[in-house]
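J.: First the structure, then my questions, so here it is.
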Amino acid sequence: MKSKRQAKIMEIISTTNVETQEQLLAALQDAGFTSTQATISRDIKELRIVKELTTFGTYRYTTAAREVPSGFSGRLNTIFRECVTNFDYAQNIIVIHTLPGLANAAASALDAMNMSVVLGTLAGDDTVMVVMRDTNSAAAFCGEIKSLMS
C-alpha cells in the first residue's frame, strides 16, 4: 500500500500544483487513499519532495532529483571543510584527498547531489576520484572547492 500511495503522491505533484500537505492529503483521499498528515509528512521526506517557488510567487511540491544549483549543500560543505586535505584535476577527472577513512563520506555526499556534470565517484580510504562530464566542469568544480576551503 505504501508504494502505491507514494507512486500516487509522485503522480499528483507532477500533474498538480500542490502547495500544502493538507492539499496533498485531500488529493490522495480523492484518489481513494486513506492516510494521515503524519504519514504524508514521512512520505514527503522519503521521496525527497521539496517546495519550489513558482512564477506566481507561490510554492509547490516537486521532486528534488534535479541538479543542485552552483554551490554545495550544507552536508557537503561540512564534509569538505572537515576532511578534504588536497584536490586537483586533470582533464575531466578530479582527485580529492581526505583524512584517512573519510573518502567514502565525501563520495557519498557528492553522489547525493545528483549533479548532471558528475558522471560518477570512486572512493578508497583517503582518496576520491570524481569523473566529470568535461574539463570545464572539473575546473569549475575545483574552483568551488577552493573557495569553500578558503
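Just so it is clear, none of the values below were taken in a lab; they were calculated from the coordinates. Everything numeric here is computed off the predicted structure, so don't read it as measured data. A quick note on method: Cβ atoms are made from the backbone with ideal geometry, for glycine too, and the neighbour counts reach across all protein chains shown.
J.: Suppose R0 equals 25 Å. What FRET efficiency, 1/(1 + (r/R0)^6) with r the Cβ-Cβ distance, do residue 4 and residue 48 give to the nearest 0.05?
T.: In this case the efficiency is close to 0.85.
J.: Compute the FRET efficiency between residue 56 and residue 30 as 1/(1 + (r/R0)^6), taking r as their Cβ-Cβ distance and R0 = 22 Å, and round to the nearest 0.05.
T.: So the FRET efficiency works out to roughly 0.45.
J.: Once amide H atoms are placed 1.01 Å from N in the peptide plane, what residues at a sequence separation of 5 or more from residue 114, or on another chain, have their amide H within under 5 Å of its amide H?
T.: The list, which skips near neighbours in sequence, is empty: none.
J.: Nearest 20 debye, what's the magnitude of the dipole of the chain about its Cα centre given +1 on Lys and Arg Cβ and -1 on Asp and Glu Cβ? Intermediate values should be presented prior to the final figure.
T.: Working: 14 positive and 15 negative charges, 82 e Å.
Computed charge dipole of the chain: roughly 400 debye.
J.: Would segment 74-149 count as rounded, prolate or oblate if I go by the C-alpha gyration tensor, calling it rounded below 1.5 in a/c and otherwise prolate when a/b exceeds b/c, oblate otherwise?
T.: It comes out rounded by the Cα gyration axes.
J.: Here's something else I'd like to know. Along the principal axes of its C-alpha atoms, what lengths does segment 2-63 span, in descending order and rounded to whole Å?
T.: Dimensions of segment 2-63 along the principal axes of its Cα atoms: 31, 22, 18 Å.
J.: Under a 5 Å amide H to amide H cut-off, with H placed in plane at 1.01 Å, what residues pair with residue 47 once short-range neighbours are removed?
T.: Amide H neighbours of residue 47: none.
J.: Residue by residue through segment 100-113, what is 3J(HN,Hα) from phi via Karplus (6.51 cos²θ - 1.76 cosθ + 1.60, θ = phi - 60°)? Round to whole Hz and write x for glycine and proline.
T.: Coupling constants for segment 100-113: x, x, 10, 5, 5, 5, 5, 5, 4, 5, 4, 4, 5, 6 Hz.
J.: Ignoring everything except DSSP H segments at least 4 long, calculate the 222 nm mean residue ellipticity for the chain; use -39,500 (n - 2.57) per segment, divide by total residues, nearest 500.
T.: Helices in the chain give a 222 nm mean residue ellipticity of -14000 deg cm²/dmol.
J.: Which length gain, in nm to one decimal place, applies between residue 38 and residue 133 when the Cα-Cα distance is subtracted from 0.36 nm times their residue separation?
T.: Difference between extended and current length: 30.2 nm.
J.: Would you calculate the separation in nanometres between label points at residue 148 and residue 112, each defined as 7 Å from the Cα along the Cα-to-beta-carbon direction?
T.: Output for this residue pair reads 1.2 nm.
J.: Can you compute the FRET efficiency between residue 15 and residue 104 using 1/(1 + (r/R0)^6), with r the Cβ-Cβ distance and R0 = 41 Å? Round to the nearest 0.05.
T.: After rounding, the FRET efficiency stands at 0.60.
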